[in-house]
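The values are calculated or read from the model by the stated rules, or taken from the named source; none is laboratory data. Because the structure is a prediction, the values reported are computed rather than measured. Here the Cβ positions follow ideal geometry from the backbone for every residue, glycine too, while neighbour counts run over all protein chains shown.
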Amino acid sequence: MALEGKARAKFLVDAERCIECNACVTACKNENGVPWGINRRRVVTIEDGKPGERSISVACMHCSDAPCMAVCPVDVFYQTEDGIVLHSKDLCIGCGYCFYACPFGAPQFPQAGNFGSRGKMDKCTFCAGGPEEDNSAAEYSKYGRNRIAEGKLPLCAEMCSTKALLAGDGSEVADIYRQRVVSRGFGSGAWGWGTAYGKKGA
Amino acid sequence: MKSKLFSAAVFALATLYFTPVWAQEAPAVDRTATGGAQTLEDIMRRQEQLKIDDSFRSENLGNPANAAPIGGQLGTLGGRSDSDIYRAIRYNSIDPSTQVRGPAADVLIQDEGIAWYKLREGPVITYGGGALLAIIALLAVFYFVRGRIKIEGGPAGTKIERFKAIERFGHWLLAGSFIALGLTGLTTLMGRSFLIPVMGPEAFATLAAGSKWLHNNIAWAFMLGLVLTFFMWVAHNIPSKLDWQWIKVGGGIFTSAHPSAKKFNAGQKIVFWTVMVLGFSVSLSGLSLLFPFQMPMFAETFSAMNSVLGTGFPTDLTPHEEMQYANIWHSIMAFVLMVAIIAHIYIGSVGMEGAFDAMGNGKVDLEWARQHHDLWVAEVEAKQGKGDSP
Amino acid sequence: MKVMISAFVAALVIAFAAPVVLNQFGWSSAELTRSESVRLD
């Protein structure tokens with residue numbers, strides 16, 4: 001890993017800036033070769049067309065104490081030194097429990113529907129691939145591009161035209177966001193952070 | 001003994017509600033000093049992972065009706081502050097839309113996953129697994145104390161047909177699939193805790209994939225067996241006054257009395273109705289799991305319960321929460337059923353001489369039948385008498 | 001005993017037939033994410 005355990009990888013969505021262009025969704029699909037019907041990232045708009053409208057880009061938040069990781073019956077998840085939550089598609093049995101546990105609806109299945117034929121779970125990897133050798137063909141076909149190993153950050157955030165979506169070391173991301181909130185004087189809701197990176201209560 | 005089993009199961013279920021997580025009462029906090037916002041006490045309780053009543057946040061979501069007219073100053077900002085909106089997002093009280101198609105794509109945050117996980121890994125495994133071990137131990141003790149229930153005076157040697165081939169087929173269809181479902185279900189629930197340390201993740205993943213396939217598909221055989229046996233035997237399982245006599249002497253299990261019984265005695269009727277009711281419930285929740293997000297049934301059940309019993313179950317459930325409830329209910333029902341069935345297997349095999357024949361080849365010893373189902377034997381003999389005479 | 005074995009076999013036969021039959025009835029897994037407007041396949 002290029003971050004070499006010195007960072008705590010986090011996403012932050014600035015809902016005051018997101019314009020629902022869906023470029024993050026498209027960039028993710030393109031970069032990682034994500035199959036039809038799967039959306040590792042999605043944009044949700046609230047109060048669409050009404051006063052107070054906001055859009056939020058959602059994917060796996062790479063939680064500190066990830067519920068998917070806790071609940072998986074076959075224990076396929078692992079967390080890198082940088083806090084990125086990854087999983088092994090070789091071990092996945094497609095039971096869907098991670099989806100029921102996830103606060104953000106991040107896990108995706110190539111075949112939704114019958115519990116018996118869901119296929120292997122797929123989700124955002126923070127562009128960090130999977131357990132296979134970094135940047136190998138096997139890794140790309142199962143998990144998509146490993147940009148982290150190339151020293152790059154997730155493409156969704158890199159592509160974001162309004163820089164609403166930030167990805168990287170949590171402290172730096174938080175720093176940028178803090179400066180924004182101070183200079184504009186409003187909109188300090190770091191969406192999902194309490195749920196993803198706070199302690200999990202009962 | 002069946003009633004003891006039942007009370008043990010009820011006890012096990014009741015204890016679920018007294019585990020620390022559930023029993024904690026959130027104290028009433030005075031928030032006047034902060035103007036209704038969270039206090040230091042709230043923050044401290046949350047850090048200690050104690051329960052807090054967060055309705056002061058989850059219900060404080062602003063009022064869109066307070067908005068200035070759209071042409072007026074600040075008219076486009078709506079009637080809610082940023083904090084109101086972010087709290088609404090946090091508690092998923094929003095009106096979302098998204099371009100992405102898929103189940104629950106418009107849910108922004110649902111945080112019941114950890115509670116579901118804790119219930120699954122905690123009480124369900126502990127009490128469920130404990131109940132299985134307890135019933136096995138209880139039966140072992142019973143076996144050593146009471147011994148095998150013998151046919152008094154030895155077998156008569158003549159046989160009488162107790163179950164027709166189709167009845168036995170229905171029984172074994174149900175029984176065979178149930179055992180497969182029980183074992184594969186336990187693998188899914190407990191494999192991570194008990195099998196992965198033994199056999200390693202790769203081997204277990206293969207096993208779990210196979211066991212999941214079997215569990216999903218053999219479920220249809222179970223449901224078919226349930227329907228078959230229900231229609232074949234329901235007429236014989238209507239409770240009657242005779243059952244009360246049977247229960248009063250404890251079925252003669254601890255004494256050597258032989259209370260009168262027709263085709264099914266009260267103990268068997270209890271097993272029948274336990275299997276039917278729990279089997280139906282386990283099948284329904286199972287179907288809900290088989291077709292995720294397409295058969296949610298808990299919100300409606302809860303609202304019906306709330307209106308009848310006046311309880312306060314949540315009725316505004318996200319699709320994920322529906323699945324979590326279905327999953328937990330499925331495993332609790334399955335454990336109760338397994339406990340009952342283990343006792344049923346015991347009494348139908350090693351526990352009683354001559355009992356297995358009833359389902360083995362369908363023909364039981366006449367003396368066994370006279371002792372355990374005297375009125376049924378009389379009925380059969382009367383019918384045969386009629387058949388012979390003309 | 002014969003009936004018992006045949007019932008076990010029947011349970012397995014049902015298990016193998018179930019996914020095929022479910023697909024016939026349109027309970028296929030692809031159904032849920034299918035959309036009318038855009039199809040690539």
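A few remarks follow.
- Flag for A:R147 being modelled with pLDDT of 90 or more, in contact with a strand residue (DSSP E or B) (Cβ under 9 Å, 6 or more places away or on another chain) and of a type in the set (K, R): yes
- Candidates A:G113, A:G119, A:G94, A:G83: the one that is modelled with pLDDT of 90 or more and part of a loop (DSSP other than H, G, I, E, B) is A:G83.
- Residues in region B:47-70 that are without any contact (Cβ under 8 Å) to a residue 24 or more places away in the chain and in a helix (DSSP H, G or I): 5 in all.
- Qualifying residues in region A:48-72 (those that are assigned to a strand (DSSP E or B) and small (G, A, S)) - the one surrounded by the most Cβ atoms within 10 Å (Cβ to Cβ): A:S57
- Unique residue being part of a loop (DSSP other than H, G, I, E, B), more than 10 Å from every other protein chain (Cβ to nearest Cβ), without any contact (Cβ under 8 Å) to a residue 24 or more places away in the chain and surrounded by 14 or more Cβ atoms within 10 Å (Cβ to Cβ) when the list is B:Q73, B:Q38: B:Q38
- Scope region B:128-138; condition touching a helix residue (DSSP H, G or I) at 6+ places or on another chain (Cβ under 8 Å), surrounded by 18 or more Cβ atoms within 10 Å (Cβ to Cβ) and closer than 23 Å to B:G252 by Cα; matching residues: B:I135
- For A:V43, the test of being crowded, with 23+ Cβ neighbours inside 10 Å and under 28 Å from B:S93 (Cα atoms) is passed.
- Filter pass, A:T45 being over 17 Å from A:I148 (Cα atoms), among the polar types (S, T, N, Q) and assigned to a helix (DSSP H, G or I): no
- Members of region B:320-360 that are of a type in the set (F, W, Y) and part of a loop (DSSP other than H, G, I, E, B): B:F356
- Test: residue in region A:62-79 that is touching a Leu at 6+ places or on another chain (Cβ under 8 Å) and under 18 Å from A:G168 (Cβ atoms): yes
- Take the conditions (1) more than 14 Å from chain A (Cβ to nearest Cβ); (2) buried (at least 16 other Cβ atoms within 10 Å of the Cβ); B:V249 misses just one of them, which is (2).
- Residues within region B:302-346 that are within 29 Å of B:I179 (Cβ to Cβ) and free of Cβ contacts under 8 Å to residues at least 12 places away in the same chain, tallied: 1
- Any hit, region B:145-168, residues being surrounded by 17 or more Cβ atoms within 10 Å (Cβ to Cβ), in contact with a helix residue (DSSP H, G or I) (Cβ under 7 Å, 6 or more places away or on another chain) and assigned to a helix (DSSP H, G or I): yes
- When the residues of region A:75-97 are filtered to those that are within 8 Å of chain B (Cβ to nearest Cβ) and touching a Cys at 6+ places or on another chain (Cβ under 7 Å), the one that is surrounded by the most Cβ atoms within 10 Å (Cβ to Cβ) is A:Y97.
- Per-region count, region A:182-202, residues surrounded by fewer than 13 Cβ atoms within 10 Å (Cβ to Cβ) and either outside any loop (DSSP other than H, G, I, E, B) or touching a Phe, Trp or Tyr at 6+ places or on another chain (Cβ under 6 Å) (or both): 3
- Qualifying positions in region A:58-84 - free of Cβ contacts under 8 Å to residues at least 40 places away in the same chain and either of a type in the set (S, T, N, Q) or within 16 Å of A:N146 (Cβ to Cβ) (or both): A:Q79
- Per the listing B:V308, B:V275, the residue uniquely in a helix (DSSP H, G or I) and modelled with pLDDT of 95 or more is B:V275.
- Test result for B:S283, among the small types (G, A, S) and closer than 17 Å to B:N216 by Cβ: yes
Okay, residues lined up against (1) within 14 Å of chain B (Cβ to nearest Cβ); (2) farther than 29 Å from A:A101 by Cα:
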| residue | (1), (2) |
| --- | --- |
| A:E150 | no, yes |
| A:T162 | no, yes |
| A:L165 | no, no |
| A:G168 | no, no |
| A:S183 | no, yes |
| A:F186 | yes, yes |
| A:G194 | yes, no |
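- In the set (1) in contact with a Pro (Cβ under 6 Å, 6 or more places away or on another chain); (2) within 26 Å of A:A66 (Cα to Cα); (3) among the hydroxyl-bearing types (S, T, Y), B:T98 fails one condition alone, (1).
- Considered as a group, the residues in region A:12-42 that are away from chain B (no Cβ under 14 Å), of a type outside the set (S, T, N, Q) and not in a loop (DSSP other than H, G, I, E, B) include one that is nearest to A:C156 (Cα to Cα), and that residue is A:A27.
- Considering residues of region B:278-300 that are over 15 Å from the mean Cα position of the chain (by Cα) and part of a helix (DSSP H, G or I) only, the residue nearest to the other protein chains (Cβ to nearest Cβ): B:L290
- Filter result for B:L138 (within 14 Å of chain A (Cβ to nearest Cβ) and more than 30 Å from A:A106 (Cα to Cα)): no
- Residues located in region A:132-181, provided they are touching a residue at least 24 places away in the same chain (Cβ under 8 Å), assigned to a loop (DSSP other than H, G, I, E, B) and buried (at least 16 other Cβ atoms within 10 Å of the Cβ): A:G144, A:R145, A:R147, A:I148, A:A149, A:L153, A:P154, A:C160, A:A164
- Those residues of region B:84-110 which are over 33 Å from the mean Cα position of the chain (by Cα) and within 7 Å of chain A (Cβ to nearest Cβ), in sequence order: B:I85, B:Y86, B:I89, B:I94, B:D95, B:P96, B:S97, B:T98, B:Q99, B:V100
- Selection of first residues in region B:206-220 that are within 7 Å of another protein chain (Cβ to nearest Cβ) and more than 14 Å from B:R192 (Cβ to Cβ) and of second residues that are part of a helix (DSSP H, G or I) and of a type in the set (S, T, Y), restricted to Cβ pairs under 6 Å at least 6 apart or on distinct chains, gives the following pairs, ordered by first then second residue: B:L214/B:T184; B:I218/B:S177.
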